[in-house]
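Working notes for the structure below.
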Amino acid sequence: MSNGAGIQELMAAETRASQIVAEARIGRGDRMKQAKADASELVDAYRAEKQQEFNNKVLAAGGSGGSASAKLQAATNRDVQIMQGQFNGNMSKAIDILLSKCCEVSLEVPTARVRSTQKIYG
């Protein structure tokens, strides 16, 4: 009977050990979730702090964002007008160059082509 009792004790110990391991796994998962939540809070706080610093620097450097945007838009429009004028000024020159190149057709056969043809059919 002592053999049967020893087996019973081993089975009970194994059951207790598996319960302890399961509780440890659950505890570890809970600690990981808590650590992730804490880290997320820290990251969000740091991000908000840096965003506030950036906003303060932007306001100090350029005043309100609207006026800087308006200045940029005006500069862009001015540059577009300049490029449009350059395009219109150079358009006729470009057309003339293209037409002259299209109309200049050389009817001469290069001597290298004549020699290679003579070798093949010669």
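The values are calculated or read from the model by the stated rules, or taken from the named source; none is laboratory data. Every value quoted in this text rests on a predicted model; they were computed, and no experiment measured them. Glycine also receives a Cβ, built like all others from the backbone with ideal geometry; neighbour counts cover every protein chain displayed. For the accessible areas, the whole protein counts, side chains as well, though only heavy atoms, and no ligand, DNA or RNA atoms are used. Shrake-Rupley method; radii C 1.70, N 1.55, O 1.52, S 1.80 Å.
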Listed by chain and number, the lysines with an alpha carbon less than 17 angstrom from that of Lys101, same-chain partners under 8 positions apart left out, are Lys93
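Rounded, prolate or oblate: which one fits segment 61-118, using the alpha carbon gyration tensor with axes a ≥ b ≥ c (rounded when a/c is under 1.5, else prolate when a/b beats b/c, else oblate)? If you can, show how the numbers build up before the last one.
Working: a/c = 11.02, a/b = 3.49, b/c = 3.16.
It is prolate, given that a/c is not under 1.5 and a/b is the larger ratio.
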Under a 10 Å cutoff between Cα atoms, tell me which one of Ser106, Ser67, Ser40 has the largest fluctuation in the Gaussian network model of the chain.
Ser106
How tilted is helix 2-62 with respect to the longest principal axis of the chain? Cα atoms for both, answer in degrees (0 to 90, nearest 10).
40
Give the range of the longest stretch in the chain that excludes all GluC sites (Glu not before Pro) found in loop regions by DSSP and having at most 15 other beta-carbon atoms within 10 Å.
1-103
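With a 1.4 Å probe and every protein chain left in place, work out the accessible area per residue of the chain in Å², rounded to a whole number.
Here the residues of the chain average 92 Å² of exposed surface.
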Rounded to the nearest 10 degrees, what's the angle between the helix 111-121 long axis and the longest principal axis of the chain, both from Cα atoms, 0 to 90?
80
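Stretch Asn55-Val43 to full length: gain in nm at 0.36 nm per residue minus the Cα-Cα span? Walk me through the intermediate numbers first.
Details: separation 12, 0.36 × 12 = 4.32 nm, distance 1.81 nm.
This chain segment gains 2.5 nm when fully extended.
Let a ≥ b ≥ c be the square roots of the eigenvalues of the Cα gyration tensor of the chain; is it rounded (a/c under 1.5), or, if not, prolate (a/b larger than b/c) or oblate? Provide the component values of the computation, followed by the final result.
Numbers: a/c = 10.14, a/b = 1.87, b/c = 5.43.
Since a/c reaches 1.5 but b/c is at least a/b, the shape of the chain is classed as oblate.
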With everything on Cα atoms, drop me the angle between helix 65-103 and the longest principal axis of the chain, reported from 0 to 90° to the nearest 10.
40
